[in-house]
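The values are calculated or read from the model by the stated rules, or taken from the named source; none is laboratory data. These figures come from a predicted structure and were not determined experimentally. Cβ placement follows ideal geometry from the backbone for every residue including glycine, while neighbour counts extend to all protein chains displayed. Only protein heavy atoms, including side chains, enter the accessible area calculation; ligands, DNA and RNA are left aside. Shrake-Rupley method; radii C 1.70, N 1.55, O 1.52, S 1.80 Å.
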Amino acid sequence: MTTASPTGLLPVLLAPYRDLTELRYDYPVVLVDGDPHVESLTDVTNRAVRRVAARGAAGESTRRRALRVEAAIRRRVAGSGRGPLSELWKLATADVLATCPDDAAFADQLDLVRNAITIDGTVLDCDEHIASDVVQHVWAALHEQAARRAGRRVDELILRLSGILEADEAHSPAGCSPERLSTALGGDHRADFDFEAWSALLRRRPDGAALPDTRRSRIRSVLDELTTQRFFPAQHRADDRHPQLFHSCVAAIDAHRERAAARARLVRAMAIAELEADNRYRETEHDGFFREFDERSVDGRDVGLFPSSLVTIGDADLSGDEHAALFELLGSELPIKVLVEVHDALGEPATHIGAPPGRTLASMAIGLGTAFVLQTASSHLFQARADLAIGLDAAGPALFSVYVPAADDESSLSPYLAAAAAVQSRLAPAFVFDPGAGTDWAARFRLDANPQPDDDWPSATVSFEDADLQHRSEPSAFTVLDVAALDPRYARNFTAVPGATSPDDMVPAVSVLRHGDPDADDWLPYVVMVSDDDVIQRLTVDRELLRRAQRVGATWRSLQELAGIRNSHALALLATERARWDDDDARERLAEPGAVDPEPAASPPAQPTTTIGPLPDEAPPEDAGPPSGQPWIETARCTTCDECTTLNPDMFAYDENKQAYIADLSAGTYRDMVTAAEACQVAIIHAGTPWDPTEPGLDELVARAEALG
Ligand code: SF4
């Protein structure tokens, strides 16, 4: 499938992913029975090939041919195609063999690979149904496991209470013999019981004594409750369980309330049954308690015995009562799981409208502190499968907020790429809040599913030829502006710059997002796009959209703080401690014999250490402050993030405290310096002015440096 915006332009970082059917990645996925519930077709093929292909060059032919079948399946399911893996593999094999009908060895190799695939299940691409398909599949599997577990427990209690009544009716110790109990009652559960122990319990009453009427009546009443319950599957009875799948939070809560009395009766019946089965029921002790037992007596642990309900709902349906019901259940102990499919992450262009409601749900839900919360996009569902299972299996409520591009998404990107772009641009960042994972934020909150989670915006180096056919490489960040550039609703916020060369007063928009004032009008921010024939095209961005993008960046920054990334409190504390350390160090030096205090009357204020490298022609005088225009680093404030030292390890180096300084200015260009200054997360690299007047593109670089302040 070819992907591009309506204008045919793509953000430069998405260009390598134009044709997804030619790439191997997480999709399509296979929904399988059993853990892990969701497999990637890529992994399935890899495992099968590993089983049958010889190592090294000898197995290369088998590997390549299996990958051709995998690619044919990918093409068949691209868009909305779907079907069983076994069937699709057969069809795809036929597609591939049709290209070489006389190659019998080819067919044999593919048979071998097919026979090495040990699973089957529905193969799905990343389409508009994927979130509900995957979540329902995993939920149904876990729900059924929990229901069967509880159903077996109820069946066991029924069996044991029935045995008590039968033994009573037999009216003799022989009626309580292990053999009699086993023969009469064993059934499917014979192996689960210790009939000797059970018989001993039953014989504790005087031989031949009949059950008291009150006990017999209580057991019959409990048996009646257990055999007619509709929460769990029951032996020897048609499955008439309460429905647990909803498309409305209001309906799910109503159903929960309607069943509350029946749930309380079942909890009560199971508790009495346990006591009776063990001969531990004491009327003086228990009658009063169970007489008063009702819905209010059922606590979170009791509710946790019951399989969860699932609500699937679109963000457009979450207004008014539904929104209120969602937050009511997320703040409760109810085992209700909610999948919200967010179809519009960007929202309408008007500035007075905040973020679309669907995009803020998960962040708001975290504030409740009680519910499991997972936010992701359909492209990342496979990666999130383990967290998905944790949230679905956990006691209590859970929210899964998944960005799924609408089927009529006008960007015309493939649904996978549109969803991945939303995560990449921080528009729909992936995160997990698991209140059951610990007591502090470090244990409960994770952002690790995002690309480059430590940075404001993810970036990569892009190589291209400029207008002079010179090969160029420069770092390029992916931001929400790139996503907006693909959305026709935001077309008026962009202006194409004719030609491939940018005017001197243009700066990359990401520089403004990082450090600049979007309302300053002395330069033009731009994003870099690429056409179908790989020609670079710059689009300028207006102030309105820049402000909006900065708000997205601020929201991401808040999430980083929650995850402990560049936490502002920790950084402030670190700066204070460093200043104190410098201060103490200076005092100790002054206290040394022979030291001269230049200003003995007052303690010098703590100053950031400034370390500068030599200029190409002239070394700076020792201990001098940065001369005007000279590049410098506030070394004492360096957080050792590796950005500058990775960018140019000859130009930037760490001192003995592992803090950066300019080691050799002549080892890099002014472009390196400005790029490092833009990348520095604590904005402590001061680019100064260019030292080589012949360096190309200086006007642009100076503007970028000035934008940093
Ligand atoms: S980019 Fe900034 S914070 Fe990171 S190592 Fe360099 S100077 Fe230090």
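Listed values, structure above:
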| read-out | value |
| --- | --- |
| Among the candidates Ala687, Ala703, Ala707, residue that is within 13 Å of the ligand (Cβ to nearest atom) and touching a residue at least 24 places away in the same chain (Cβ under 8 Å) | Ala687 |
| Residue within segment 596-617 that is open to solvent by less than 70 Å² (accessible area, probe 1.4 Å) and at pLDDT 50 or above present | yes |
| Residue within segment 538-552 that is modelled with pLDDT of 80 or more, on the phi < 0 side of the Ramachandran plot and polar (S, T, N, Q) present | yes |
| Leu124 within 24 Å of Val138 (Cβ to Cβ) and hydrophobic (A, V, I, L, M, F, W, C) | yes |
| Helices (runs of 4 or more DSSP H) contained entirely in segment 370-473, each with at least 2 residues that are surrounded by fewer than 22 Cβ atoms within 10 Å (Cβ to Cβ) | 385-393, 441-444 |
| Residue count for segment 239-294, restricted to those that are assigned to a helix (DSSP H, G or I), in contact with a helix residue (DSSP H, G or I) (Cβ under 6 Å, 6 or more places away or on another chain) and more than 30 Å from Glu328 (Cα to Cα) | 4 |
| Single residue of segment 34-46 satisfying the filter (farther than 15 Å from Ile73 by Cβ and not aliphatic (A, V, I, L, M)) that is surrounded by the most Cβ atoms within 10 Å (Cβ to Cβ) | His37 |
| Check on Glu60, open to solvent by 20 Å² or more (accessible area, probe 1.4 Å), of a type in the set (D, E, K, R) and assigned to a helix (DSSP H, G or I) | yes |
| Selection status of Glu678, at pLDDT 85 or above, open to solvent by less than 60 Å² (accessible area, probe 1.4 Å) and within 11 Å of the ligand (Cβ to nearest atom) | yes |
| Residue in segment 657-667 that is touching a residue at least 12 places away in the same chain (Cβ under 8 Å), within 12 Å of the ligand (Cβ to nearest atom) and touching a Pro at 6+ places or on another chain (Cβ under 7 Å) present | yes |
| Search result, residues across segment 555-579 that are loosely packed, with under 11 Cβ neighbours inside 10 Å and aliphatic (A, V, I, L, M) | Ala572 |
| Count of residues meeting criterion [assigned to a helix (DSSP H, G or I) and modelled with pLDDT of 80 or more] in segment 553-576 | 10 |
